[in-house]
Amino acid sequence: MSAEEVLEAIQKMSNKERWKLLDKMYDLYFSKEHLIAKEKLDRLREDEYEL
């Protein structure tokens, strides 16, 4: 899908759906919480293997 097609689809969305999309995009691209959680999980796994 091209950028133009994506923008066209966004323009056809209701405001409520646009906000949902923005929330999801933020979580995917700007929120680092998932990376922090993954790092913690990786450290826990490393600790288990060292025991």
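Tell me which lysines have Cα within less than 20 Å of K24's Cα, excluding those fewer than 8 residues away on the same chain?
The qualifying lysines are K12, K16, K32, K38.
Using only Cα atoms and rounding to the nearest 10 degrees, what angle (0 to 90) does helix 15-29 make with the longest principal axis of the chain?
So the inclination is approximately 30 degrees.
In the stretch 6-51, what chymotrypsin sites (Phe, Trp or Tyr not before Pro) fall in a loop by DSSP, with at most 12 other Cβ atoms inside 10 Å?
On the way: sites: W19, Y26, Y29, F30, Y49; in loops: F30.
Passing both the DSSP loop test and the Cβ count: F30.
The list (1) 38, 11, 7; (2) 26, 20, 4; (3) 50, 10, 6 gives values of semi-axes √(5λ) of the Cα gyration tensor in Å, and only one came from this structure; which label was calculated from it?
(1)
Are there any trypsin sites (Lys or Arg not before Pro) in the stretch 1-34 that are in a DSSP loop and have at most 11 other Cβ atoms within 10 Å? List them by number.
Here the sparse-neighbourhood loop sites are K32.
None of the figures in this text is laboratory data; all of them are computed from the coordinates on show. Please read these numbers as outputs of a predicted model, since none were measured by experiment. Methodologically, a virtual Cβ is constructed for each residue, glycine included, from the backbone with ideal geometry; neighbour enumeration extends over all protein chains shown.
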